[in-house]
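Report on one structure; see the data block that follows.
The values are calculated or read from the model by the stated rules, or taken from the named source; none is laboratory data. Computed from a predicted model, the values in this text were never measured in an experiment. Here Cβ is always computed from backbone atoms with ideal geometry, including for glycine, and neighbour counts include all displayed protein chains. The accessibility values were calculated without ligands, DNA or RNA, using every heavy atom of the protein model including side chains. Shrake-Rupley method; radii C 1.70, N 1.55, O 1.52, S 1.80 Å.
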Amino acid sequence: MKLRLDKKDFKNFLQNLIDEYDLYAPVQLTEGVSVFKKIDQPGEVNLTQLHTQKPAKDVFFPQSEVMFRYEKVGKQNQMISMEEGKRERILFGARPCDIEAISIIEKVFVGEEYTDVYFLEKRKKTTIIGLGCNHPLSTCFCSSAGGDPFLRAGSDLFFIDLGEAYFVELLTEKGMAFHKNKFFKEADPKDLTFVKELEEKAFEKVGFSIPVDGIEKRLDLMGESSFWDRVHEKCIGCRICTYLCPTCHCFDMVDEGEHQRGQRVRHWDSCLSPLYSLETSGHNPRPTCRERTRQRLMHKFNYFPKNFNQVACVGCGRCILYCPVHFDIRKAIIWTSPKRPKRYERGMI
Amino acid sequence: MVVKKAYVETTDRMLRTLELSFLDEEDARAFHFIPGQFCELSLLGKGEAPLGIASSPTENGSLKFTINKAGVVTTALHHIEEGAEIGIRGPLGNGYPIDLFKGKNILVIGGGFAFTTLRSLIAYLIHPENRSKVNEITVIYGARMPGLLLYKEELNQWEKRSDLKLVVTVDWGDKDWKGKVGLVPNVLEEVAPSSENTYAVICGPPIMIKFTFPKLMALRFPDERIYTSLERRMKCGIGKCGRCNIGHLYVCKNGPVFNYAQLKKLPKDY
Amino acid sequence: MEERSKAIQDRIREKAKELLSKKEVDLVIGFGEWTLPLRTTPIFIRTPEGAEDLIWNSFCENNLAIYLHKFSQFKVGIVVKGCDARSIIALSLEKRFKPDQLFLIGVPCQRMVDRRRVKKAVKGEILRAHEQGDQIIVEGEDFNTTLRRDDFLYPSCQVCTHRTPMGTNVLIGDPVKESPLIETHPEIKEFEKKSPEERWRFFEKESSRCIRCYACREVCPMCYCAECFVDSSNPKWIEKGFSTSDLEFYHIVRAYHQTGRCSGCGACERACPMEIRLTYLTQKLNLDVRELFDFETGIKADTLPPLSTFEIDDRQEFIK
């Protein structure tokens, strides 16, 4: 169903949502830095950045989450489960790359044998309103990674910024439930033409030049390649790329408190941290940055596809923008392919 | 679960066995496992530790774990007293391929405190219900010193059995030790069990495996019939948190038991 | 291309080529061009022909001394600015490497450009940027803007008084006239006017954005502990979570671990993806150390850091 929402009604539309739902949207923490947060006022929503620093995975898989609390009452240990809020939730303003990433995380967390109930509960309760990318950045390569700047898959409603209004598509059952929303009007035929123009322009800008296609097979042959000796050199082993990556989903579980009272919490973790696979005996199967960088790239482009038939990268480009030493994953992908420059063969990266 | 019994196994006091019983009858009834599986033992306030189940499914009522004192959680498990409560998540992992063992000879090689899940396997196989399902059982178990052997009383009983060939060895004997002295790889060479129709299960420290493996090759054991149980740092134990992967497989979910044919195809992240 | 930068660039390449041809070093660590405008990247050159990739401009913002820990088993040539050389002197005093392991290619620094502020000065994505004299020209899809370079420098660069690297094996170009662009770090001036409660609120607000990525720790050449205090589980000094106190504790302790060791390079602040202001903390501590102990990190290769050593005649009026 194709509708439109005039920008003059946008604030009221958001307020309406806030009254009935827990609304998560991009919020600016300081100029140039935004994250997804639960908002109380329409004015908090900030869409000036193409994407937020912390990706939308934060809304379903928070960076820090209490799994349960416990308290010793007499001799008995009482475990107190965390309960989700009663209200339904809306995620507004997530870009197609972030939304595709949620479905990638879902493949791991909602498996056949065991289900991550914390993630699933949030996912079931959330209606996703995606937002198309009229102006992808030069660092975006979503198309190469199987997505595109206006990918609708995963969104329940999809908004496209037309300037004076938003073009609105109701895509799923959850989305159709909004068809009676008092702020939505019928879409104008001119809107549809404009949308097509925006889509074409965006597709052209993103292009299709990064050889993600076929990378699983190429990496199969590169397990012990000298490629890994060079790729890791400048990496300093911080956690920015993993924390800001919309698909990275590794976590750590720790107990906080003491035997009388406390909680078990899970936090995001990173395979680039030396502690990640450090065993208590002191043995570390991935002792240096070389093995850890290899693990990260192989997991994204070889191990994950083996299990789920999809690369675990959506081409959002955050790792390129925010890496302190300007590691560019696109270059790493190109180096695995016949497209790599001749100078690479001479050991010059 | 509650701690029914707790005792130190080794003279260096680094290994302690806990016998746990379920608080709830229903839990006890619902808990089915096979040898080789593990559980995440939980001490509220300290954390969790993945530990191989040392007791056999045939030993009803309680679960046995032998714990090496190494970090925060395992040290705390060394200090808790009988009657204390411990949390448990399990059984996790894939366990030994008992179905494949039917009608075959089994060679078990253990070193040091990696013997825990092997105890589970042996106790399971020699149980009257299961003994006839497999042919010959040979066990070679070695520790650095006599005081570091696990389950000493049980070993004594097993040595007396006729349906099981048990060779216990130590790297260095002491004045009371009357048994074999020799490194496990060398003892294996001596015992030289036939590889025909035989499955080998080997668990031990990396150095032991490194030197034992060529001996198994020399005895012509094919890769698909050599099984081992791997260890990795674990948190969730169910293949979600990501950290225990070797290639596209997870040690907690697709393992910890793997055969060498599988391991040869995977990266050496262990 | 800016004339001075080009001349320096050529001489860096020459020197690197020479060092590698004569096998005086195993590798040269310097700056290279990569994919994004307003940025360079650390590169590791092992062949004389590879030296062609080395560049020099006002975007060479990383402190390359961090790689000395990673490549400690090699003989390394390294391109250093003033602050980087100070870090290396400080590390040498802490005995992190033997002096003959390094060959320092010193470049007197023209101060580095704050790419974030440049980005915020225009509307739209910057696709290309280059320097021209004392200007930076940035181009996007539908804009072409000229900015005055000196208006867009990093705060740590604006107050720098040691732009000419010391203790180098070779100095590319002439030493620059040392004087800061501004006397005090902008935040410190503001800070000193505030009451303790207001200062705490500022610090709380900044650290509340922290995502515990530890980039500030990893880019810092002085943070080389095999086990950082945040990773210690026995004893556990700090939780891994995001309570206000945990975030504040981390930043305070890290700043204090740098006291008397920080060269003021500002790499921590540049690395932070959440744009947390960090240099005002390190600058303030550096000023205090200068006042109390008459010491500046990495200036004299024979003076030990005051907080790592003990002398009998150390001041003790605070011990009551």
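Bridgeable lysines around B:Lys165 (alpha carbons under 26 Å apart, same-chain partners fewer than 8 residues away excluded): B:Lys64, B:Lys102, B:Lys104, B:Lys133, B:Lys152, B:Lys175, B:Lys178, B:Lys180, B:Lys210, B:Lys215. Result for chain A in a Gaussian network model with C-alpha springs under 10 Å: among A:Val195, A:Val45, A:Val117, the largest mean-square fluctuation is at A:Val117.
Checking the a/c ratio against 1.5 first, then a/b against b/c, what shape does the Cα gyration tensor give for chain C?
Here chain C falls in the oblate category.
Computed on chain B, with alpha-carbon pairs under 8 angstrom and 6+ residues apart, the relative contact order is 18 percent.
Between A and C, roughly 3800 Å² of accessible area is buried in total, ligands, DNA and RNA not counted and the probe set to 1.4 Å.
Taking H as built 1.01 Å from N, whose amide H comes closer than 5 Å to the amide H of C:Gln135, not counting residues under 5 places away? Under 5 Å from the amide H of C:Gln135 lie the amide H atoms of C:Arg149, each far enough along the sequence or on another chain. Per residue, the protein assembly as shown exposes 44 Å² of solvent-accessible protein surface, assessed with a 1.4 angstrom probe and all protein chains in place. Counting only protein heavy atoms and a probe of 1.4 Å, the accessible surface of the stretch B:115-270 is 52% carbon and sulfur. Amide H contacts of B:Thr10 (H built 1.01 Å from N, in plane; Pro and chain starts excluded): B:Leu15 sit under 5 Å, all sequence-distant by 5 or more or on other chains. Extending 7 Å from the Cα toward the beta-carbon at both A:Glu112 and A:Met82 defines two label points whose distance is 3.0 nm.
When the solvent-accessible surface of protein heavy atoms is calculated with a 1.4 angstrom probe, in what order do C:Lys205, C:Lys75, C:Lys81, A:Lys182 fall, highest first? Kindly include the intermediate steps, with their values, before the conclusion.
Working: C:Lys205 120, C:Lys75 70, C:Lys81 5, A:Lys182 155 Å².
Putting C:Lys205, C:Lys75, C:Lys81, A:Lys182 in descending order of accessible area: A:Lys182, C:Lys205, C:Lys75, C:Lys81.
Bridgeable aspartates and glutamates around A:Lys38 (alpha carbons under 16 Å apart, same-chain partners fewer than 8 residues away excluded): A:Asp19, A:Glu20, A:Asp22, A:Asp58, A:Glu65, A:Glu84, A:Glu88. Listed by chain and number, the lysines placed with their C-alpha closer than 25 angstrom to that of A:Lys217 are A:Lys107, A:Lys300, A:Lys306, A:Lys331, A:Lys339, A:Lys342, B:Lys240, B:Lys253, B:Lys264, B:Lys265, B:Lys268; residues fewer than eight positions away on the same chain are left out. Loop sites here are GluC sites (Glu not before Pro) outside DSSP states H, G, I, E and B with no more than 11 other Cβ atoms within 10 Å. The longest part of chain B free of them is B:82-195.
Using Cα springs under 10 Å in a Gaussian network model of chain A, which residue among A:Tyr114, A:Tyr303, A:Tyr24 shows the largest mean-square fluctuation? Answer for the Gaussian network model of chain A: A:Tyr114.
Please name the residues of the stretch A:192-240 whose accessible area, counted over protein heavy atoms with a 1.4 angstrom probe, falls by no less than 20 Å² between the chain alone and the full protein assembly. Correct list: A:Lys205, A:Arg230, A:Glu233, A:Lys234, A:Ile236, A:Cys238, A:Arg239, A:Ile240. Taking a ≥ b ≥ c as the square roots of the eigenvalues of the Cα gyration tensor, an a/c ratio of 1.5 or more together with a/b no larger than b/c marks chain A as oblate. With helices as the sole contributors, the protein assembly as shown gives -8000 deg cm²/dmol at 222 nm; each DSSP H run of n ≥ 4 counts as -39500 (n - 2.57), and the sum is divided by every residue.
Using a 10 Å cut-off around each Cβ of peptide A:295-303, what is the average number of partner chain Cβ atoms that fall inside? All intermediate terms of the calculation are to be shown ahead of the outcome.
Numbers: counts 6, 0, 0, 5, 4, 0, 0, 3, 8.
Shielding by partners across A:295-303 averages 3.
Take the Cβ atoms of C:Val176 and C:Asp151, set R0 to 22 Å, and the FRET efficiency comes out at 0.70. As a length-normalised measure over Cα pairs under 8 Å and 6 or more apart, the relative contact order of chain A settles at 20 percent. Scanning chain B for DSSP H helices at least 27 Å long along the axis (C-alpha atoms) with a Kyte-Doolittle mean no lower than -1.0 picks out nothing. Placing +1 on the Cβ of every Lys and Arg and -1 on the Cβ of every Asp and Glu, with nothing else charged, gives chain C a dipole about its Cα centre of roughly 360 debye. Here the relative contact order of the stretch A:215-349, from alpha carbon pairs under 8 Å that lie six or more residues apart, stands at 29 percent.
If you plug the beta carbon distance of A:Glu197 and A:Glu279 into 1/(1 + (r/R0)^6) with R0 = 60 Å, you get a FRET efficiency near 0.60. Cysteine residues of chain B whose C-beta has no other cysteine C-beta under 4.7 angstrom: B:Cys39, B:Cys203, B:Cys244, B:Cys252. Centre-to-centre, using Cα atoms only, the stretch B:51-79 and the stretch A:228-243 are separated by 38 Å.
Backbone amide hydrogens, once placed in the peptide plane, bring C:Thr40 within less than 5 Å of C:Glu61, excluding anything fewer than 5 places away on its chain.
The stretch C:152-205 and the stretch C:31-47 have Cα centres separated by 25 Å. Only protein heavy atoms count here; on that basis, with a 1.4 Å probe, A:Lys331 has an accessible area of about 60 Å². Summed over both chains, the accessible area lost when B and A associate is about 2800 Å², using a 1.4 Å probe.
List the residues of the stretch C:95-125 whose accessible area drops by at least 50 Å² when all protein chains are present, compared with their chain alone, using a 1.4 Å probe and counting only protein heavy atoms. With the partner chains in place, the stretch C:95-125 has these residues losing at least 50 Å²: C:Lys120, C:Glu125. Quick one: grab the alpha carbon gyration tensor of the stretch B:98-229, order the square roots of its eigenvalues as a ≥ b ≥ c, and give me rounded if a/c is under 1.5, else prolate or oblate depending on whether a/b is larger than b/c. Verdict is oblate for the stretch B:98-229.
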